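Below: one structure, written as structure tokens.
The values are calculated or read from the model by the stated rules, or taken from the named source; none is laboratory data. In this text the structure is predicted, and so the values were computed from the model without any measurement. Note that each Cβ is placed from the backbone with ideal geometry, even for glycine, and that neighbours are counted across all protein chains shown. The protein model used for the area step is the full one, side chains on, heavy atoms only, and it has no ligands, DNA or RNA in it. Shrake-Rupley method; radii C 1.70, N 1.55, O 1.52, S 1.80 Å.
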Amino acid sequence: ELKGIVFVIQSQSNSFHSKRAEDLKRDILKQAVDLGKELPTVLLIHQINGHEGTWTILPLMTYFSVTYSRNTSWIFFCEEDTRIQVIKLLETLRRFDKSKEWFLGKALYDEESTIIHHYAFAENPTVFKFPDFAAGWALSIPLVNKLAKKLKSEPLKSDFTIDLKHEIALYIWQKGEGPHLTPVPEFCTDDVNSYKADDCATTFSNFLPLCGEPVNKEDVFVAVKTCRKFHDDRIPVVKQTWEREAALIEYYSDYADISIPTIDLGIPNTDRGHCGKTFAILERFLNHTSPRTPWLVVVDDDTLISIFRLRKLLSCYDPNEPVFLGERYGYGLGTGGYSYITGGGGMVFSRTAVQKLLASKCRCYSMDAPDDMVLGMCFSGLGIPITHSPLFHQARPMDYPKGYLSHQIPISFHKHWNIDPVKVYFTWLAPNTEESRNGKKVGHNREDL
């Protein structure tokens, strides 16, 4: 029965995202009323408790087990943009014996081993399947209870959360002793208007959010971090690709080169970390740019980004809120750690966020500290949540499952390693005429890049 399903929306506290999650909650409850069913429980993950790491889901297993195991058969997880056909979901879940341990979802897999997953299953990465969160995924209560019990005796290790869907699947798999992901064809990422959608219990809207006109070009200030040794190979790529999309752009280096031009911030280059340089960029943005420029984007010199798409996405956010946006990673979240925006995919700040950060006196503990992690620590200490978008990418297109990228309109990728970065930009990120007109996704010739 429907009341035997607890729906968990993987929501965020930012006002734009929480509203979308509330809309989905309303839609689920309305479908239940229309079906004449008893209302199910619908939870928004960011509201469950004040714990910084609720988005990583596994720490919530004890809560789910204690609170819901008596009257519930399934915990069903979905993203705020997942669309659910409740009657079809009920029919789909009825096929599985709820007294057994089930891990259900739309299966993704790596075509080749990748650094994102620490080269897991290097011999044959295609054997290990993990769920595409956009399609929704489900755990049976016996499995939830088992995970809760395991977490009691073996707390989660205090390290990095990089790709949650892969890490959850690994934890459930338990080196082969736990269940594998069971692929469910009715969990789909096809668009709701697709001819395939009739057979789907879930669908996923395949578009870039647009909440009005894209923000003006002059509303986005772009800061590129570089250093002298990369002036000749990385900067020409930026100039051949996305620089023309940026109205306001400055290159920050350890050496002033007027041909680019670069600005020497007086911070010596460090081999890693770059915390000193990033904080100098934040200070400069606050003190030397127009106070009417609401957005700052900080990228590496080997980041490939679509400023055109970013301007559309930013139309959904209120720059008067402290917004810190990009691809979210976590550090030590099982033991009171923090979330952070990983730098390579691009870090987006509202001016309000930069003001609050610099007023706080939270700073680098060393010049070569990891800037993205220090920023995460600072914002966490200020009680300012980071905002995740899966459209920013810390790695190259080839590092992600094809099925995952197929329902995305990406905003960024990172690294020039073993690829033609200009080709990657024009294949994945350059605006095309159709997209420029209506913001819809169109077919790209995305060969194996």
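Nonpolar atom fraction for the chain, defined as the carbon and sulfur part of the 1.4 Å probe accessible area, stands at 51 percent.
Its relative contact order, with pairs defined as Cα atoms under 8 Å and 6+ residues apart, puts the chain at 15 percent. Residue order by solvent-accessible surface for HIS51, HIS166 is HIS51, HIS166, largest first, with ligands and nucleic acids left out and a 1.4 Å probe. Backbone geometry of the stretch 177-192 corresponds, through the Karplus equation with coefficients 6.51, -1.76 and 1.60 at θ = phi - 60°, to 3J(HN,Hα) couplings of 8, x, x, 7, 5, 8, x, 10, x, 6, 8, 10, 10, 5, 5, 4 Hz, x marking Gly and Pro. Shown is the FRET efficiency for ILE258 and TRP417, computed with R0 = 30 Å from the Cβ-Cβ distance and rounded to the nearest 0.05: 0.55. Across the stretch 407-413, rounded Karplus estimates of 3J(HN,Hα) from the backbone phi angles (6.51 cos²θ - 1.76 cosθ + 1.60, θ = phi - 60°) give 10, 10, 10, x, 9, 8, 9 Hz, Gly and Pro being marked x. For the stretch 249-281 versus the stretch 146-176, the spacing of their alpha-carbon centroids is 40 Å. Residues whose amide H comes within less than 5 Å of that of LEU248, counting only those at least five positions distant or on another chain, are VAL222 (H built at 1.01 Å from N in the peptide plane).
If you take the Cα centroid of the stretch 335-369 and the Cα centroid of the stretch 290-307, the two points sit 15 Å apart.
For the chain, the longest principal axis of the C-alpha atoms and the axis of helix 275-288 are separated by about 70°. In the complete set of protein chains, residue-level accessible area for CYS188 is approximately 10 Å², probe 1.4 angstrom. Would you be so kind as to identify which of HIS117, TRP137, THR56 lies farthest towards the positive end of the dipole of the stretch 1-142, taking Lys and Arg as +1 and Asp and Glu as -1 on Cβ and the Cα centre as origin? Positive-most Cα among the choices belongs to TRP137.
Take the alpha carbon gyration tensor of the stretch 140-270, find the square roots of its eigenvalues, order them as a ≥ b ≥ c, and report rounded if a/c is under 1.5; if not, report prolate when a/b exceeds b/c, else oblate. It is oblate, given that a/c is not under 1.5 and a/b is not larger than b/c.
Accessible surface ranking for ARG94, ARG363, ARG351, 1.4 angstrom probe, highest first: ARG94, ARG363, ARG351.
In the complete set of protein chains, residue-level accessible area for THR335 is approximately 90 Å², probe 1.4 angstrom.
Based on the Kirkwood radius over alpha-carbon pairs, what is the Stokes-Einstein translational diffusion coefficient of the stretch 2-204 at 25 °C with 0.890 mPa s viscosity, in µm²/s? The Stokes-Einstein estimate is 140 µm²/s.
Answer rounded, prolate or oblate for the stretch 298-368, using the Cα gyration tensor with square roots of eigenvalues a ≥ b ≥ c: rounded when a/c is under 1.5, else prolate when a/b is larger than b/c, else oblate. Because a/c hits 1.5 or more and a/b exceeds b/c, the stretch 298-368 counts as prolate. Entry comment: accessible area of the chain is 43 Å² per residue, from protein heavy atoms only and a probe of 1.4 Å. For the chain, CYS78, CYS227 have no disulfide-compatible partner, since no other Cys C-beta lies under 4.7 Å from theirs.
Relative contact order for the stretch 217-429: 23 percent, from Cα pairs under 8 Å spaced at least 6 residues apart, divided by residue count. The lysines within cross-link reach of LYS3, meaning a Cα-to-Cα straight distance under 22 Å and a gap of 8 or more places when in the same chain, are LYS25, LYS30, LYS37, LYS88, LYS98, LYS100, LYS146. Every Cα-Cα pair of the chain was included, and the share exceeding 44 Å stands at 12 percent.
Here the contact order of the stretch 311-420, divided by its residue count and restricted to Cα pairs under 8 Å and six or more residues apart, works out to 29 percent.
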